[in-house]
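Okay, structure first, notes after.
None of the figures in this text is laboratory data; all of them are computed from the coordinates on show. In this text the structure is predicted, and so the values were computed from the model without any measurement. All Cβ positions, even for glycine, are placed from backbone atoms using ideal geometry, and neighbour counts span all protein chains on display.
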Amino acid sequence: MKFPRTPLMLAGALFAVGSASAIDLGNALGAGMGAAKGLTLSDEDIRKTSEEACAAYDKQNPVAPAGNKYAVRLAKLTQGLENEDGIRLNFKVYLVKDVNAFAMANGCVRVFAGLMDLATDDEIRGVIGHEIGHAKLGHTKAKMKTAILTRAARQGAAAAGGKGGQLAASELGGVAEDFVNAQFSQKEESAADAYGYRFMVKHKYDPNALVTMFKKLPGKGGLMSSHPASPDRAKKIEEMIKKG
Ligand SMILES: [Zn+2]
């Protein structure tokens, strides 16, 4: 006789696949979603999960091969950015039309071709600096945790339907997708803007590119532009430039 298995008990399978599992969610989820929500994630947990989620997301997206014009351009404009503020960076382009980019705590930086079509080299560097700011300032922690718990629960449900092992990778890709689509708070955006400004100055890039980038982006939604509206943020960057 078959007993129906509850999704939550199986959710641990998401991270039980393979030896490089980032977090042992099994215990927390087995004890119920409440315990899972209370799960604390260390910086190392976040880094490892990011590593796995990024690798899975790369498989789901059209990564520009070496020699592709976007890959060549990104490699050129990020020359000298191997190690930033303690994070070892690795860059790739996704050949998609979206105007987007993201950075994870493990140094996974992905720039979308749609953004590259729209932006100058320094504007792209400005976006990269801003995104690294989110990772470096710890903003990514809560986002990762939410994504992990959401996808772990879904994985559990799917596993109960009999497709467990195979789905794990796609759910990890889903963690990355949720992460990429997550909105940051106004306070976090402002802090990441300030980080991006310091990043530009430190590397002797033109900080005005942050201002022009904001002017190119839509006021609401999408990349770097949740709240406050882009014109306000452009103004703040202009003030930072004036003050030096
Ligand atoms: Zn942002």
Two-site label geometry, Ser42 and Lys59: point separation in nm, points 7 Å out along Cα→Cβ: 2.7
So for Ile128, Ile148, fewest C-beta neighbours within 10 Å to most, what's the order? Ile128, Ile148
Within the stretch 187-219, report the trypsin sites (Lys or Arg not before Pro) that DSSP leaves as loop and that have at most 11 other Cβ atoms within 10 Å. Lys204
Rounded to the nearest 20 debye, dipole of the stretch 85-143 from Cβ charges on Lys, Arg, Asp, Glu: 360
For the stretch 116-125, 3J(HN,Hα) per residue [Karplus equation, 6.51 cos²θ - 1.76 cosθ + 1.60, θ = phi - 60°, Hz, x = Gly/Pro]: 5, 5, 8, 10, 7, 4, 5, 5, 5, 4
Quick one: putting +1 on the C-beta of Lys and Arg, -1 on the C-beta of Asp and Glu, what dipole do you get for the stretch 54-164 around its Cα centre, in Debye to the nearest 20? 560
Listed by chain and number, the residues whose amide H is under 5 Å from that of Asn90, excluding neighbours fewer than 5 places away on the same chain and using placed H, are Cys108, Val109
Distance violations [Cα-Cα > 21 Å] among Lys48/Lys141; Lys204/Lys236; Lys187/Lys235; Lys143/Lys216; Lys145/Lys215; Lys59/Lys92: Lys143/Lys216; Lys145/Lys215
Hey, any idea what the orientation-averaged projected area of the convex hull of the stretch 94-153's Cα atoms comes to, in nm²? 4.5
Provide Arg125, Arg73, Arg88 in ascending order of the number of other Cβ atoms located within 10 Å of each residue's Cβ, fewest first. Arg88, Arg73, Arg125
Along principal axes, largest first, the alpha-carbon spread of the stretch 52-144 in whole Å comes out as 33, 28, 21
Using a simple spin-label model with points 7 Å from Cα along the Cα→Cβ vector, what separation in nm is obtained for Asp85 and Lys242? 2.5
